[in-house]
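For reference, the structure discussed in these notes is given below.
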Amino acid sequence: MLVPTILENHEMMSEVAAGFLLRTILEKPTSLLCLATGSTPMRSYQLLAKSRPERFTQARVIKLDEWAGLPMESPATCETFLRSALIDPLQLSTRYVSFNSQVTDRPAECARIAQWLRRNGPIDLCVLGLGVNGHLGFNEPADALQPHAHVASLSASSLSHSMIAEEPIKPEAGLTLGMADLLQSREILLLVSGPTKQEPLRRLLLGEISTHFPATFLQLHSRVTLLCDAAAAESVSKP
Ligand code: GLP
């Protein structure tokens, strides 16, 4: 059962999340972290990046997902986001694995990431955000979900995501780890923030599991920590 921990605001949620990430690394310095991007986890990563890089000399990071078709150096990519928030400040680049947004052969790129994860996984801690339509990474609502790294068709809601609002080139697809990759993580940290997540959070906590709301599959995992801010949790805290 998913039990939300409700923090007063986004800043407090981010502080708790950054502490959670740091503890994971201190307990197991070689941890493999899978990291989502988007507005929800940004502040947690910025806070974590204030730690001393020497604490992260063995830590490994895999990027959860990416917009396919954008130049890698675009400010809209998950790559730019993660590098500036965490990878560069903590000097993780030699132990960082990520989908390339610009490849011509996208299935081959997904096969490369899938093979890396087979050899180096499982993920120790997977940090996820909740899509307004229930997606995790780019595992979008559908009749069936994909287990491993794959090319995803983007939903209308993903195509209107704030990350790409200013980007002149529109992404053609998503590159993402699959649901089995996420569910095989030893531990999951799900972050939910802001009023637009009230309804998705309510649906997540209903307890049903549906491919049409992929985040509900987290009900099947025994070690999920769900942190929300009060703005997202409003519909949960009301009777
Ligand atoms: C995006 C990303 C996800 C992210 C989610 C929520 O489309 N593909 O990795 O977790 O949507 O984003 P936000 O935190 O900005 O609401």
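Residues are listed down the side, and each one gets a yes or a no for (1) of a type outside the set (S, T, N, Q); (2) touching a helix residue (DSSP H, G or I) at 6+ places or on another chain (Cβ under 8 Å); (3) farther than 23 Å from residue 62 by Cβ; (4) in contact (Cβ under 8 Å) with a residue 40 or more places away in the chain:
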site	(1), (2), (3), (4)
136	yes, yes, no, yes
139	no, yes, no, yes
158	no, no, no, no
191	yes, yes, no, yes
208	yes, yes, yes, no
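Of everything listed in (1) under 25 Å from residue 100 (Cα atoms); (2) touching a Lys or Arg at 6+ places or on another chain (Cβ under 7 Å); (3) of a type in the set (Phe, Trp, Tyr), the single unmet condition for residue 138 is (2). Residue 66 meets all of the listed conditions (1) in contact with a strand residue (DSSP E or B) (Cβ under 7 Å, 6 or more places away or on another chain); (2) buried (at least 18 other Cβ atoms within 10 Å of the Cβ); (3) more than 17 Å from residue 150 (Cα to Cα); (4) not small (Gly, Ala, Ser) but one, namely (3). Looking across region 209-231, the residues that are assigned to a helix (DSSP H, G or I) and either within 21 Å of residue 143 (Cα to Cα) or among the hydroxyl-bearing types (Ser, Thr, Tyr) (or both) come down to 214, 215, 216, 217, 218, 219, 220. If you filter region 47-63 down to residues that are basic (Lys, Arg) and more than 27 Å from residue 118 (Cα to Cα), you find that the one that is surrounded by the fewest Cβ atoms within 10 Å (Cβ to Cβ) is 52. Do you know which residues across region 209-239 are more than 18 Å from the chain's Cα centre (by Cα), more than 12 Å from residue 3 (Cα to Cα) and within 16 Å of the ligand (Cβ to nearest atom)? Matches in region 209-239: 231 only.
Each reported figure results from applying straightforward, stated rules to the coordinates on display, with no laboratory input. If you're wondering where the values come from, they're calculated on a predicted model, not measured in any experiment. Glycine also receives a Cβ, built like all others from the backbone with ideal geometry; neighbour counts cover every protein chain displayed.
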